[in-house]
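For reference, the structure discussed in these notes is given below.
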Amino acid sequence: MKNNIFFSFFRVPVLLFFVISMFQCGRPDDSGNLTEMPEAELRRNQIFDSLVVAARKQLSVNPDEVRIIVEQAKSFYEPEDKVRSIQLYNLTGVAWFIQSSYEMALDNYTRGLALALEIEDNERIASFYNNIGIINLHTGNYMDALEHFLKALEYYETLDDPFLNVNTLNNLGMLYSTIENYEMARVHLDKAWDGFQAEADSIGMAAVYNNRGAMFLKKEQPDSAFYYLDKAIEMALLNNNRFGLSGSYIEKAKVFCYTGDRNKSLEFFRKSEQVSSEINYQEKLCEARLGIAQSYLELNEVNQALDYAGQGMEIAEMLNNIKLQTESHQLFSSIYEKTGDYRKSLFHKNLYVDLKEEIIDQSKLHQLYSLEIQELVHAKEIQQLEIQRQNLLLSRKNTTIIFITIAFLLVMGGLYLLYHNHRYRQLASHQRMILDLTEKKSRAAVEAEIQERSRIGRELHDGLGQMLSVARLNISVIQQKVGLTPERRKELLESAILSVDKAFYELRDISRNLAPSVLMEKGLGNAINELTEQVNKSGRIKVHLETFGLHESVDNLIENTVYRAGQELLNNAIKHSDASEIFLQLVKNDSELTMIVEDNGIGFDAEKVLVLSGGGLRNIRSRVENLGGNIFVDTMLNRGTIITLVIPLKQN
């Protein structure tokens, strides 16, 4: 559980070294020679080029300063110069990207892509597609990232240089590693390695080593991860590549975190801190200090952890980097929770949640920008088709034109009929799926009711019935045997009374399970708390409970559904998971109620369990989906289980 917090940090990949497309400051004319220009214009171009160089030097130090320099550079070139406009859009996009302002980065990359498409500069088109893919990779839009990386490769293939695409191949390797397709990751990283090696690009080779190490850490193979990260560090030291070195030290520290060696992880975070300070690489310096703080927290040195977490937060706020600020607040929440200052812990937890939602909101704009890019490409294709059509009109005779028109209409008519037929089949299939799903939900609801009734019957028969039978037996003995001694009669009466008392307690427990009084009287939070306390009293397993935002009651049906789901999930974990700890979290905001149940048990095969007839998870899913919610199951054999329920509170 604690290691997972570590792996949520430091997700800025080494691809940052390749996101900056190093466009040339000057452009040759069609003959291949540099054009002569007046002295004033030459002076303006020199100033522009020097400002671009200055902006690049500020990228990892002060991204806000980069945008100020870009605004100054706009005064030293003509707006019609699309090549220089593309340079500035790229620089501005990278500056926003470093600060995790993906919306603004996408806006500038899209504008630059539009100009690159207009002047048909395939190298720049490929570069922008690559950069847009990186943003999608950062925000978890993996399908869009894959689409843009493949588009970049498509344009790189039109160029004479076979090694221009190596950065994109490296990024594809990272993407496949992220989605745990390790075979495809290996293939693309190998291709990137071959390209960097052929070009003798030591920085690129070190980056591939670094990405291989990160991939093996995800595969939980620390020995292989150490091997490749050591190679990356060795190459970076050999070439004095301190940018790469700062990132590789952090990756190696994360491997030590995974192996539980906190002292070694602290050592390598400190190495990254030193290198990042020397080159004034503020982003990596922030990551290193947050890692040092986390290491101190794990070593129970809370004051040191607070000090370094504060230093990391200062850098994150200076860079205006929302992602790093989010990680800082998460770390502060963990530190204050460990010190027992739950008020401050909750304060930082709320800030973490707010910033996380802001990052998610930014990523939702990706579809809009993707549509914009598709529209640009479509417009360019239409323009090309129009040129071809005009040339055809000039070169063909009227009879040929009529024949082509008729053939075109026939093809379009055939395509329309095929489309209409395909659409009809899709609708019919969709209707069948809806009917099947409705039937399955109804069946699951009925099965859940039957199971609940069976359970109540068993409890009444096995528990309450047995106790009443014992009481009746004792009373009948008293009634039938006249010659009982007073002591024996008293003993039988006390036994009967004890059996009746136990029956009352059993009846109370059954009633509480059917309609928990604490749920109606004190709300969902207290009901779940009482449920976890009952489990903890058993001593078999430890349940940790966290609740956020449960200040007001919600709809009774939602409360009952969440409470029953909590009962079922805790019961399943106790019976089947072989876990020692369970972490249960309830979070309510204005729009939805979320419950997360995580255990450190042996896990299970989710596909088999979710299709079992009458299974508990299947019944929970039916109830949650009937309320318009969703259930997410993240499990694997021998790895533990995380089950998340999300139920909307308002239906638009």
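The values are calculated or read from the model by the stated rules, or taken from the named source; none is laboratory data. Given the structure is predicted, the values throughout are model-derived calculations rather than measurements. Quick reminder, even Gly has a Cβ in these numbers, built from the backbone with ideal geometry, and neighbours come from all protein chains shown.
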* **Breaking point among (1) at pLDDT below 75; (2) more than 30 Å from Ile574 (Cβ to Cβ); (3) surrounded by 14 or more Cβ atoms within 10 Å (Cβ to Cβ), for Leu484** => (1)
* **Single match in Arg458, Arg432, Arg443 (criterion: part of a helix (DSSP H, G or I), under 23 Å from Gly628 (Cβ atoms) and modelled with pLDDT under 70)** => Arg443
* **Filtered residue count, the range 54-105, keeping only those that are polar (S, T, N, Q) and assigned to a helix (DSSP H, G or I)** => 6
* To do: Could you look through the range 308-330, keep only residues that are within 18 Å of the chain's Cα centre (by Cα) and among the hydrophobic types (A, V, I, L, M, F, W, C), and pick out the one that is farthest from Ala293 (Cα to Cα)?
  => Ile322
* **Those residues of the range 70-120 which are among the hydroxyl-bearing types (Ser, Thr, Tyr) and at pLDDT below 90, in sequence order** => Ser75, Tyr77, Ser100, Ser101, Tyr102
* To do: Scan the range 598-615 and give yes if some residue there is among the aliphatic types (A, V, I, L, M), closer than 17 Å to Glu568 by Cα and at pLDDT 90 or above, otherwise no.
  => no
* Determine if the range 562-584 includes at least one residue that is closer than 25 Å to Glu533 by Cβ, aromatic (Phe, Trp, Tyr), crowded, with 17+ Cβ neighbours inside 10 Å and modelled with pLDDT under 90. => yes
* Asked: From the set of residues in the range 234-251 that are of a type in the set (A, V, I, L, M) and touching a residue at least 24 places away in the same chain (Cβ under 8 Å), which is surrounded by the fewest Cβ atoms within 10 Å (Cβ to Cβ)?
  -> Leu238
* Asked: Can you tell me which residues in the range 112-137 are touching a residue at least 24 places away in the same chain (Cβ under 8 Å), charged (D, E, K, R) and more than 19 Å from Asn171 (Cα to Cα)?
  -> Glu118, Asp121
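Could you pull out every one of the helices (runs of 4 or more DSSP H) wholly within the range 199-302 that has 3 or more residues that are among the basic types (Lys, Arg)?
Output list reads 242-259, 262-278.
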* Structure fact -> Looking across the range 495-549 at residues that are of a type in the set (Asp, Glu) and more than 19 Å from Gln585 (Cα to Cα), the single one that is modelled with the highest pLDDT is Asp501
* To do: Tell me which residues, restricted to the range 268-284, are touching a helix residue (DSSP H, G or I) at 6+ places or on another chain (Cβ under 8 Å) and modelled with pLDDT of 90 or more.
  => Phe268, Phe269, Arg270, Lys271, Ser272, Glu273
* Structure fact -> Residue pairs within 7 Å by beta carbon, gap of at least six or interchain, first lying in the range 523-542 and charged (D, E, K, R), second part of a helix (DSSP H, G or I), listed first then second, are Glu530/Val518; Arg540/Ile574; Lys542/Asn536
* Can you tell me which of Gln388, Gln367 is closer than 30 Å to Thr400 by Cα and modelled with pLDDT under 75? -> Gln388
* Hits in the range 625-650 (condition: touching an Asp or Glu at 6+ places or on another chain (Cβ under 7 Å) and either more than 24 Å from Leu437 (Cα to Cα) or part of a strand (DSSP E or B) (or both)) -> Leu637, Gly640, Thr641, Ile642, Val646, Ile647, Pro648
* Asked: Which is modelled with pLDDT under 90, in contact with a Phe, Trp or Tyr (Cβ under 8 Å, 6 or more places away or on another chain), surrounded by fewer than 24 Cβ atoms within 10 Å (Cβ to Cβ) and farther than 16 Å from Glu251 by Cβ, of Ile203, Ile179?
  -> Ile179
* Scan the range 306-323 and give yes if some residue there is in contact with a Lys or Arg (Cβ under 9 Å, 6 or more places away or on another chain) and basic (Lys, Arg), otherwise no. => yes
* (1) under 24 Å from Asn141 (Cα atoms); (2) assigned to a helix (DSSP H, G or I): which one isn't true of Glu180, the others all being true? -> (2)
* **Unique match (being surrounded by fewer than 17 Cβ atoms within 10 Å (Cβ to Cβ), in contact (Cβ under 8 Å) with a residue 12 or more places away in the chain, under 24 Å from Ala185 (Cβ atoms) and basic (Lys, Arg)) among Lys284, Lys254, Lys219** => Lys219
* **Which listed residue is touching a Pro at 6+ places or on another chain (Cβ under 9 Å) and not polar (S, T, N, Q), from Leu319, Leu324, Leu346, Leu355** => Leu319
